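Since the structure comes first, as structure tokens, the remarks are kept for the end.
The values are calculated or read from the model by the stated rules, or taken from the named source; none is laboratory data. Quick caveat: nothing in here was measured; it's all calculated off a predicted structure. As a convention, Cβ positions derive from the backbone with ideal geometry for all residues, glycine included, and neighbour counts pool all protein chains shown. Surface areas here come from the heavy atoms of the whole protein model, side chains and all, with no ligands, DNA or RNA. Shrake-Rupley method; radii C 1.70, N 1.55, O 1.52, S 1.80 Å.
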Amino acid sequence: MCGIVAYVGQKNAYPILINGLKRLEYRGYDSAGIAVANDNLTVIKKKGKVAELLKVTQKIDPHGTSGIGHTRWATHGAPNDVNAHPHSSRDGKIALVHNGIIENCDTLRKALIKLGHVFVSETDTEVLVHLIQEYKTRYRVPLEESVRLALEKVVGAYAIVVIDQDEPQKIVVARKASPLVIGLGNDEFFVASDATPLIEHTKAVVYLQDEEIAVLEPGKKLAIKSFQNEPQKPSIVELDMKLEELEKGGFPHFMLKEIHQQPETIADCMRGRLNAKEAWTRLGGLEPYLDRMAKANRLIITGCGTSWHAGLIGEYLIEGLARIPVEVEYASELRYRNPVINSGDVVVALSQSGETADTLAAIQHVKEKGALIYGIVNVVGSSIARVTDAGSYIHAGPEIGVASTKAFTAQLTLLSLMAIQLAKAKGTLHHAYYQELIRELSEIPNKVRNILAKDEVIKDIAETIKDASNALYLGRGYNFPVALEGALKLKEISYIHAEGYPAAEMKHGPIALIDENMPVIVLATNMSAYDKIVSNVQEVKARKGMVISIISEGDRQIKELSDYSIEIPKTIEPLTPLLSVVPLQLLSYHVAVMRGCNVDQPRNLAKSVTVE
Ligand code: G6P
């Protein structure tokens with residue numbers, strides 16, 4: 001949540017900040033702002049997207065070789081010009097941008113008001129910048145020391161960047177539980193919430209660790225200290241990301257590009273990890289822990305949003321194939337419970353961004369219970385990737401669209417590889433079935449390509465449901481979590497209320513809602529429950545519901561019962577979700593475009609939820 005950028009060096013900071021904010025806009029777009037240091041500190045901020053800010057900044061064209069910027073996802077205070085970042089100190093000399101939440105801001109604000117401070121915004125961030133100035137003037141210390149002293153008083157999560165007109169060629173950054181990356185240039189430094197704005201400037205980065213403060217001054221070495229004031233050695237990492245990966249590549253939206261990338265991203269996730277000819281799978285990250293995982297009392301899979309849905313499919317896969325008990329729990333619940341977890345268990349944390357605050361907190365919460373913690377993450381070097389004991393990257397590349405698509409199918413690919421490898425280690429599969437699974441998994445990218453070729457058919461179906469107010473998604477077995485994911489995709493980007501249900505549960509409530517205005521999307525590819533699905537479709541039709549079915553190629557029976565059908569290639573049941581979710585992604589995409597919604601930046605949502 002919220003994107004932060006900063007620059008200090010020899011170049012004009014303003015264009016670097018604006019470009020950086022555009023790259024980070026997927027993290028929040030309630031307001032945007034910049035502060036550039038020149039003779040004084042020019043602070044410009046505006047409600048709305050970076051484009052709104054640009055209308056103002058273009059007229060002013062601020063000049064200066066250091067500056068900070070922010071794109072906001074509102075927590076404290078409504079999205080408006082005043083609450084937008086950067087926030088300034090009482091004397092206007094210090095400006096600060098912040099990602100996170102300061103939990104004790106009310107107490108700090110009251111104490112500062114007693115000292116004569118006056119606040120103009122409703123934000124927690126303004127309190128922090130006033131506190132920094134209070135220490136700076138009271139103790140006459142350099143900026144970094146006043147930041148350190150202020151942070152001693154702060155409870156909460158934050159990544160901050162601070163600039164001071166008295167020392168304009170210096171930037172101070174600090175983090176606790178929110179991400180921050182420092183880019184090392186030629187006598188210059190860049191800062192951002194993630195690596196995406198840095199890649200066009202430098203590949204050498206340092207991921208700031210929790211409870212560290214860094215001082216960035218051109219001509220000097222990067223100086224990092226712990227909150228306890230002990231010098232830390234920066235660990236420089238080479239970024240493995242290409243600029244083209246951050247562009248739309250000819251597609252009108254990132255989401256559509258990412259849906260269409262899936263044949264490649266699924267293949268990338270399997271690369272070097274599966275060999276269909278020789279019939280083996282090998283997850284390098286899993287190998288040293290294979291025995292421990294195979295013998296685990298149970299696995300607890302945790303995550304949020306789409307990652308949680310992938311976790312549910314992981315449960316079906318790992319229990320079904322490897323016979324290891326699995327539980328799936330929302331990270332936001334796990335973090336506040338007192339769960340029974342012990343050293344014989346394995347916690348698997350699923351996260352695209354690797355930064356989701358609830359998932360990170362759930363990991364911290366269960367860490368001392370002795371369980372092995374395994375991360376399945378997309379963003380290389382992210383916080384979750386670093387705090388877990390072991391793990392595997394899904395290698396989906398940067399996902400920019402707020403609604404997750406290619407990361408979901410890459411997570412499913414990884415979970416399938418994991419289930420197959422665990423099953424092999426436990427000897428729970430007949431060799432022929434093991435071989436079939438591997439062969440079928442290797443065929444998935446081609447089969448996804450086949451579904452993507454049906455885009456026009458799906459677009460026509462989208463036309464028929466685009467004005468609906470509600471929609472119901474039904475699926476059984478492996479397709480039940482896909483129904484949840486399909487409903488989430490539709491509500492996230494088109495704002496149509498949608499619910500996913502296990503098909504048989506329909507008669508315990510949702511059936512009461514079905515009438516001729518209710519599209520019911522039925523995932524009907526499971527051969528094991530075929531007759532039951534046929535009955536469910538008939539039940540919907542009997543109530544005049546409009547049935548859109550996702551069926552296996554050649555299925556006449558359900559096709560005839562349905563108003564519309566989308567045929568997908570056949571595969572074996574555990575791998576069905578990798579295919580059945582694709583038409584649902586495209587359906588949501590087209591509906592949202594037809595309704596005029598901002599597909600890549602849906603209202604109120606953010607890609608990386610770094611606050612609770
Ligand atoms: C947000 C995003 C979702 C994502 C969820 C979990 O809600 O909009 O697309 O599924 O966070 O994020 P993670 O990065 O942990 O997978």
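A few notes on this one:
- FRET efficiency, 1/(1 + (r/R0)^6) with R0 30 Å, evaluated for residue 230 and residue 204 via beta carbons: 0.80
- Percent carbon-and-sulfur accessible area, the stretch 3-243, ignoring ligands, DNA and RNA, probe 1.4 Å: 51 percent
- If R0 equals 25 Å, the separation of the Cβ atoms of residue 455 and residue 248 corresponds to a calculated FRET efficiency of about 0.90.
- Above-threshold pairs, the threshold being 27 Å between Cα atoms, out of 257/532; 459/541; 170/233; 242/406; 45/93: 257/532
- Counting charges near residue 326 (Lys, Arg +1; Asp, Glu -1) among other residues having Cβ under 11 Å from its Cβ returns a value of -3.
- Relative contact order (%) - criterion: Cα under 8 Å, at least six apart; region: the stretch 450-612: 29 percent
- Distance from the C-alpha centroid of the stretch 428-448 to that of the stretch 216-236: 50 Å, rounded to the whole angstrom.
- Element breakdown for the stretch 450-612 at a 1.4 angstrom probe: carbon and sulfur atoms account for 49% of the accessible area.
- Assuming charge only on the beta carbon of Lys and Arg (+1) and of Asp and Glu (-1), the dipole of the chain about its Cα centre is about 380 debye to the nearest 20.
- Heavy-atom SASA rank of 309, 395 (probe 1.4 Å, accessible area, largest first): 395, 309
- Counted by Cβ distance under 15 Å from residue 185, the other residues give a net charge of -1, where Lys and Arg count +1 and Asp and Glu count -1.
- Legend: distances between Cα atoms for 114/136; 110/607; 46/114; pairs beyond 27 Å are 110/607; 46/114.
- Volume per residue for the chain equals 155 cubic angstrom (convex hull of Cα atoms).
- Over all other residues within a Cβ to Cβ distance under 15 Å of residue 495, the charged ones net out to +1, with Lys and Arg as +1 and Asp and Glu as -1.
- Accessible surface of the stretch 247-442, 1.4 Å probe: 50 percent of it comes from carbon and sulfur atoms.
- Fraction of C-alpha pairs exceeding 21 angstrom in the stretch 441-563: 36 percent, rounded to a whole number.
- A helix-only calculation puts the chain at -11000 deg cm²/dmol for mean residue ellipticity at 222 nm, using -39500 (n - 2.57) for each DSSP H run of at least four residues, averaged over all residues.
- Residues of the chain: accessible area per residue with a 1.4 Å probe, Å²: 37 Å²
- Computed over the stretch 106-207: relative contact order in percent, which uses C-alpha pairs under 8 Å that are six or more apart: 15 percent
- Whole-number percent relative contact order across the chain, with pairs defined as alpha carbons under 8 Å at least 6 apart: 12 percent
- Percent of beta bridges antiparallel (DSSP, the chain, rounded to nearest 5): 60 percent
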